[in-house]
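Q: Below is one structure. I have some questions about it.
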Amino acid sequence: MIILEDVKKTYSTGAPALNNISLHIEKGEFVFIVGDSGSGKSTLIKLLLRELTPTSGRIIVNHTDVVKLRHRKIPRYRRGLGVVFQDFRLLKDRNVYENVAFAQRVIAVPPRLIRKNVPSVLSLVGLAEKYKSKPRELSGGEQQRVALARAIINDPPILLADEPTGNLDPKNSWEIMKLLDQINHGGTTVLVVTHNREIVNAMRKRVITMKKGVIVSDQKKGGYIDED
Amino acid sequence: MFSLATVATISACVFLFGLFYSVVLNFSNIVRQAQSGVAVTVFFDEGISDEEIQRIGEEIGKRAEVSKLVFVSAEEAWESFKRENLGDYVDSFGDDNPLAEDSNYEIYMNDISMQENLVEYLESLEGVRQVHKSAMVATMLTSVNMLIGYVSMGIILILLAVSIFLISNTVAIGITVRREEIGIMKLIGATDFVVRAPFVFEGIILGLIGASLPLIAIYFIYLRVIEYLSERFAILNSLLQFLSIQEIFSTLVPVALILGVGIGFLGSFTTARKHLRV
């Protein structure tokens, strides 16, 4: 499902962000990517989203060669990826329903289907009652659940989560992780970049540890490896 | 807020354009009226027959430059001269006609800039003794008309460039303000068209509104100004004949609307294209 072969990314400053990493993630896997700041985790997510292109190497996602992807084909490629960020990235002037519906509107889903899909996905993340609320009226955990609902409403085969619990308290962090696990059980491949040691150690999923742009560990049912 | 600024900018440009257009069109009309009164006069050789005069007239009438040909007989020329110049002294000439050999053709032209060519041709005709032309008036009117044309073209081009620059800036600010939303759209998989369309649509609508408002203003201002000028300078009414609002608007309305929509489209499309390559 996700294949990286000798992927290298060097920024214009000359600093290497990723140094010849190779990686295979199968369909339906749940993978944690852990590592310190500057280890290359976010660069990896940006490469998968095709926000960046690698300096060298191959990236195959959903049978698509991401490196060779033409600009006009990027939107269709991104529709196969759900994405959640640490800072939620919700539209502050729109309510919960509009934020989730927005993801369907931009890909021209018929309004009739949007009216059916949005309540359904809001129920899944436990926010059916708050569909009229604006983001500022919600807690951090609730905002992240809205972001999650938006990420999965188009039913992507892959979900990328970049520090999804970074701004949340432990209780909300666990709720988000449970939702991600639930989504993964539905068949979606889930890739989570995180610093949350407790969650990584408790969930016993595949853990890829990165350090200074290289993969230093890849454990099937792993835990958080201390840097020192 | 930005939308208001954009509408105001386009309105100002279209208003100036409309104002300038109205002035230029009226001035051109006045110049054209003045030009239509400028004639070349052809005098014939002494003792020429009426048939010869008629033949010359027919040949002149075939020329493309000629819009009207008027034959003035020696008697008519003398009567006109007496009326305009002699006053009480007219009786001293008795029945004599000092202008007996001065029957002539008054030739009015389609375009006064062609006068030189026409005069050259007339002087080459057999039976023609002398050709009188209004060189200074002709040159002056042609020059003024051309000058107005060039100046108006220049000002309109500058206004267009300023309008596109300003709307482009406004759209760029709008894109900056909505950068987060655009970023989310892009990550969700929105196509360039879907992302740009609202900006381009907004630009076109703003252009349309920006063009419509000054047209309404120009309509009322023009009527008031023409009414004022006609009353205030009634003595010049025969010389200054202004165009009706319908004559002005029959071209100004479509041109201004196309201009507004064009500015809105061009400014927003190019800016959206430039800034939305995420």
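Since every read-out is calculated from the coordinates, none of them should be taken as a lab result. Only a predicted model underlies this, so the values are computations on that prediction, with no experimental measurement involved. In this analysis, Cβ positions are derived from the backbone assuming ideal geometry, glycine residues included, and neighbour counts consider all displayed protein chains.
Q: Within a 10 angstrom radius of each residue's Cβ in A:75-81, how many Cβ atoms of other chains show up on average? Whole number is fine.
A: Neighbouring Cβ atoms belonging to other protein chains average 4 per residue here.
Q: Dipole size in debye (nearest 20) for segment B:20-81 around its Cα centre, Lys and Arg Cβ +1, Asp and Glu Cβ -1?
A: Dipole of segment B:20-81, to the nearest 20 debye: 680 debye.
Q: Count charges around residue A:44 for me, please; just the other residues with Cβ under 10 Å from its Cβ, Lys/Arg as +1, Asp/Glu as -1.
A: +2
Q: Taking a 20 Å limit on the Cα-Cα distance, which of the listed pairs A:27/A:73; A:8/A:46; A:73/A:116; A:178/A:211; A:134/B:274; A:41/A:211 fall beyond it?
A: Exceeds cut-off: A:27/A:73; A:73/A:116; A:178/A:211; A:134/B:274.
Q: Please list, ordered by chain and number, the residues whose modelled amide H lies under 5 Å from the amide H of residue A:56; skip anything fewer than 5 residues away on the same chain.
A: Counting only residues 5 or more places away or on other chains, the set is A:8.
Q: Tell me which aspartates and glutamates have Cα within less than 19 Å of residue A:68's Cα, excluding those fewer than 8 residues away on the same chain?
A: Cross-link targets: A:5, A:6, A:51, B:192.
Q: While we're on this one: Order B:63-69, A:82-88 from most to least packed using the mean count of other Cβ atoms within 10 Å.
A: The peptides rank, most packed first, as A:82-88, B:63-69.
Q: Using the Cα centre of segment B:95-233 as the reference point, and only Cβ charges (+1 on K/R, -1 on D/E), how large is the resulting charge dipole? Debye, rounded to the nearest 20.
A: Dipole about the Cα centre, nearest 20: 1500 debye.
Q: Could you work out the mean count of beta carbons from other protein chains within 10 Å of each residue's beta carbon in A:102-112?
A: Going residue by residue through A:102-112 and averaging, the value is 3.
Q: If I fit a long axis through the Cα atoms of helix B:135-177 and take the longest principal axis of the Cα atoms of chain B, what angle between them do I get, 0 to 90°, rounded to 10?
A: So the helix axis and the longest Cα principal axis differ by about 10 degrees.
Q: Moving to a separate point now. Skipping prolines and chain starts, which residues have an amide H placed within reach, meaning under 5 Å, of the one on residue A:82, given they are 5 or more residues away or on another chain?
A: A:158, A:159, A:160
Q: Also, I was wondering about something else. Highest mean first, what order results for B:225-232, B:25-32 on Cβ atoms within 10 Å?
A: Most protected by this proxy first, the peptides run B:25-32, B:225-232.
Q: Another one. Which of B:218, B:188, B:148 moves the most in a Gaussian network model of chain B with Cα springs under 10 Å?
A: Looking only at B:218, B:188, B:148, the largest GNM fluctuation is found for B:188.
Q: What size of dipole, in debye to the nearest 20, comes out for segment A:91-155 about its Cα centre when the only charges are +1 on Lys and Arg C-beta atoms and -1 on Asp and Glu C-beta atoms?
A: 180
Q: Scan around residue B:66 for amide H atoms under 5 Å from its own, H built in the peptide plane at 1.01 Å from N, and keep only partners 5 or more places away or cross-chain.
A: B:110
Q: Please list, or write none, the lysines whose alpha carbon is within less than 24 Å of the alpha carbon of residue B:62, excluding same-chain residues fewer than 8 places away.
A: The qualifying lysines are B:133.
Q: Per DSSP H run of n ≥ 4, the term is -39500 (n - 2.57); total these for the protein assembly as shown, divide by its residue number, and report the mean residue ellipticity at 222 nm rounded to 500 deg cm²/dmol.
A: -17500 deg cm²/dmol
Q: Still on this structure, please answer the following. Beta carbons within 10 angstrom, averaged per residue: use that to sort the peptides A:132-138, A:1-7, highest first.
A: Packing order, densest peptide first, comes out as A:1-7, A:132-138.
Q: Roughly what angle does helix B:179-188 make with the longest principal axis of chain B, taking Cα atoms, 0 to 90 degrees, to the nearest 10?
A: Between the helix axis and the principal axis of chain B, the angle is about 70 degrees.
Q: Can you put A:13, A:53, A:209 in order, fewest other beta carbons within 10 Å first?
A: Going from sparsest to densest Cβ surroundings: A:13, A:53, A:209.
Q: If you take the charge dipole of the protein assembly as shown about its Cα centre, with +1 on Lys and Arg Cβ and -1 on Asp and Glu Cβ, which of A:30, B:119, A:54 is farthest toward its positive end?
A: A:30
Q: In straight Cα distance, which aspartates and glutamates are under 19 Å from residue A:220, not counting same-chain residues fewer than 8 positions off?
A: Once the sequence-local aspartates and glutamates are set aside, what remains near residue A:220 is A:26, A:29, A:181, A:198.
Q: Shifting gears a bit: On average, how many beta carbons from a partner chain sit within 10 Å of the beta carbon of a residue in B:177-184?
A: 3
Q: Which order results if B:9, B:191 are arranged by neighbouring Cβ count within 10 Å, fewest first?
A: The order, fewest Cβ neighbours first, is B:191, B:9.
Q: What do you get for the angle between helix B:192-232 and the principal long axis of chain B? Use alpha-carbon atoms, 0 to 90 degrees, nearest ten.
A: 40
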